[in-house]
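K.L.:
Shown below is the structure under consideration.
The values are calculated or read from the model by the stated rules, or taken from the named source; none is laboratory data. All of these numbers come straight from a predicted model, not from anything done at the bench. Here Cβ is always computed from backbone atoms with ideal geometry, including for glycine, and neighbour counts include all displayed protein chains. Surface areas here come from the heavy atoms of the whole protein model, side chains and all, with no ligands, DNA or RNA. Shrake-Rupley method; radii C 1.70, N 1.55, O 1.52, S 1.80 Å.
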Amino acid sequence: MAFHDIRFPANLSFGATGGPERRTEIVTLANGYEERNTPWQHSRRRFDAGVGLRSLDDIAQLIAFFEARQGQLHGFRWKDWGDYKSCAPSKTPDMLDQLIAIGDEVTTVLPLVKRYESGGQSYLRPISKPVPGTLRIAIGGVETQESIDWTVDTTTGLVTFGHAPDLGAEVRAGFEFDIPVRFDTDRIETSVSSFQAGQAPSVPVVEVRI
C-alpha cells in the first residue's frame, strides 16, 4: 500500500463522527473474576466523513478524492478536528507543550509524541504526520530554529538535530498533526434525492500503521 501525502479536504472532515478504539481481550474465570489483556500497544481511530457533507459539490469533491486514492488502496492524511494539536483544541501550540525526550548528548533523531494523562496514568501517542510549518521546539526552555538547529520529516514525525541535546536537557515541542488513514470501504454510495432530504452517505475511514 502506498501513502499519498495529501490531506482529506478539511471542510469535509469537519463534523465527522468518530474517535479512538482499543482492542481488549477479556476472559471470565470460573470464580467470576476477569483477566484483561490487549494485543495493541496503541489505539486506532475511526471516523465517518459522511455527516460532514453538506452539498452536491461536497459529494463531487469526495468522489474525486476517493477515485484518486483508488478506494482503500492508498492512505492519506486526515484532520481530526477534536484532537489535532499538541495542546488543548482552544489553544495555540506552544514550544513547551509536549516533553518528547531528555537529552543524552548522543541521540540526534527523536520522534514526536503526544502525552495523554488522567488519574496518574498516561499514554504516549506517536505522531507521524506533523503539519508542515507548525512545529516549534525548545531545548532546556530555549526555543530553537528549524533548518538551523533541526529538521523534521513531516512524513514520519522524526526530528533530526544538528547537535545532540545536552545531557539532562528537556526537549519539548508544540505542533499540529494529521492522522494517517485509508478509506474503510471500496464503495461510496450516494443518492441525490436522499442527500437533499438530509440523508448523508456513509464514508468510513480508519487509521493505518505506518
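K.L.:
In the stretch 53-78, how many are in a helix (DSSP H, G or I) and buried (at least 17 other Cβ atoms within 10 Å of the Cβ)?
P.N.:
Matching residues across the stretch 53-78 total 5.
K.L.:
Also, I was wondering about something else. Just the residues that are β-branched (Val, Ile, Thr) and either free of Cβ contacts under 8 Å to residues at least 12 places away in the same chain or under 13 Å from Leu53 (Cα atoms) (or both), please, taken from the stretch 1-27.
P.N.:
Result: Thr17, Ile26, Val27.
K.L.:
Related question: When both residues are 6+ apart or on different chains and their Cβ atoms are under 7 Å apart, which pairs have a first residue that lies in the stretch 57-76 and is at positive phi and in contact (Cβ under 8 Å) with a residue 60 or more places away in the chain, and a second that is buried (at least 17 other Cβ atoms within 10 Å of the Cβ) and not in a helix (DSSP H, G or I)?
P.N.:
That search, which allows pairs on different chains as well, returns Gly71/Phe183.
K.L.:
Ok, one more. Residue check: is Ala30 among the hydrophobic types (A, V, I, L, M, F, W, C), part of a loop (DSSP other than H, G, I, E, B) and either more than 18 Å from Asp184 (Cα to Cα) or out of contact with any helix residue (DSSP H, G or I) (no Cβ under 7 Å at 6 or more places or on another chain) (or both)?
P.N.:
So Ala30 passes the test.
K.L.:
Is one or more of the residues making up the stretch 161-170 touching a Pro at 6+ places or on another chain (Cβ under 9 Å), crowded, with 19+ Cβ neighbours inside 10 Å and not in a strand (DSSP E or B)?
P.N.:
No, the stretch 161-170 contains no residue that is touching a Pro at 6+ places or on another chain (Cβ under 9 Å), crowded, with 19+ Cβ neighbours inside 10 Å and not in a strand (DSSP E or B).
K.L.:
Quick one: count up the residues across the stretch 4-34 that are over 30 Å from Glu67 (Cα atoms), among the aliphatic types (A, V, I, L, M) and open to solvent by less than 100 Å² (accessible area, probe 1.4 Å).
P.N.:
3
K.L.:
Name the one entry in Gly82, Gly50 that is closer than 30 Å to Ser191 by Cα and surrounded by 15 or more Cβ atoms within 10 Å (Cβ to Cβ).
P.N.:
Checking each option against the conditions leaves just Gly50.
K.L.:
Do we find that Glu176 is of a type in the set (Asp, Glu) and open to solvent by 70 Å² or more (accessible area, probe 1.4 Å) in this structure?
P.N.:
Answer is no for this residue.
K.L.:
Here's another thing I want to ask about it. Mind telling me which of the residues Asp80, Asp48, Asp57 ends up being of a type in the set (Asp, Glu), in contact with a strand residue (DSSP E or B) (Cβ under 8 Å, 6 or more places away or on another chain) and farther than 19 Å from Pro130 by Cα? Talk me through it step by step, then tell me what you get.
P.N.:
Values: Asp80 fails: farther than 19 Å from Pro130 by Cα; Asp57 fails: in contact with a strand residue (DSSP E or B) (Cβ under 8 Å, 6 or more places away or on another chain).
Residue meeting the stated conditions: Asp48.
K.L.:
Also, I was wondering about something else. Considering only residues that are assigned to a loop (DSSP other than H, G, I, E, B) and of a type outside the set (Gly, Ala, Ser), look in the stretch 142-153 and name the one that is nearest to Leu96 (Cα to Cα).
P.N.:
Among them, the one singled out is Thr144.
K.L.:
So which of Ile188, Ile148, Ile210 ends up being at pLDDT below 95 and open to solvent by 80 Å² or more (accessible area, probe 1.4 Å)?
P.N.:
Among Ile188, Ile148, Ile210, only Ile210 is at pLDDT below 95 and open to solvent by 80 Å² or more (accessible area, probe 1.4 Å).
K.L.:
Any idea how many residues of the stretch 105-141 are part of a loop (DSSP other than H, G, I, E, B), under 18 Å from Phe161 (Cα atoms) and open to solvent by 60 Å² or more (accessible area, probe 1.4 Å)?
P.N.:
Total meeting the criteria: 4.
K.L.:
Then there is this: Scan (1) assigned to a strand (DSSP E or B); (2) touching a Ser or Thr at 6+ places or on another chain (Cβ under 8 Å) for the single condition Trp81 breaks and write down its number.
P.N.:
Against the list (1) assigned to a strand (DSSP E or B); (2) touching a Ser or Thr at 6+ places or on another chain (Cβ under 8 Å), Trp81 comes up short only on (1).
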